[in-house]
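The values are calculated or read from the model by the stated rules, or taken from the named source; none is laboratory data. Not measured: the values here are computed from a predicted model. Glycine gets a Cβ as well: all are built from the backbone with ideal geometry, and neighbour counts include every protein chain shown.
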């Protein structure tokens, strides 16, 4: 078997394995948990094999270098490309925040707007905007007075039932 065929088989196997890992990667999640941020990540290894084989195949097909030089050059190309993928894509993705949930306690001090009028001694709804989007929350007025729709409010506290206690923001 010639070296060009070996590169072609490596490219096909590396590509298929990468595709399978992308589709069924959750099954192998424990492998990448062992070494987070390490080069032993299956994505990095499979990408290295695919890029090495692809570069080697193309250079064997088109190039005039000997096989040893092509292997060294393909390895260097693969190391550079996989390092760029690892450090600029995979590591930042692994470090990114996984949850967009916000705790009720985080609402204290936030400003919002009444979207359903809060009646005196009653409950309405307010819209609180955050970096993750906007959320509607049930609320009541701290002074047990009514707050009309469209009024800007500030969250003072949260009662034991999870209802936001708000006060209107007075315009100056």
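So here's what we get for this one:
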quantity	calculated
Unique match (being touching a helix residue (DSSP H, G or I) at 6+ places or on another chain (Cβ under 9 Å), surrounded by 15 or more Cβ atoms within 10 Å (Cβ to Cβ) and farther than 30 Å from residue 49 by Cα) among 158, 153, 85, 147	158
Matching option when the condition is more than 35 Å from the chain's Cα centre (by Cα) and not in a helix (DSSP H, G or I), among 65, 71	65
Conditions (1) outside any helix (DSSP H, G or I); (2) at negative phi: number failed by residue 121	(2)
Residue match in segment 127-135 (condition: in a loop (DSSP other than H, G, I, E, B), more than 30 Å from residue 42 (Cα to Cα), at pLDDT below 95 and in contact with a strand residue (DSSP E or B) (Cβ under 6 Å, 6 or more places away or on another chain))	no
Filter result for residue 105 (part of a strand (DSSP E or B) and in contact (Cβ under 8 Å) with a residue 40 or more places away in the chain)	no
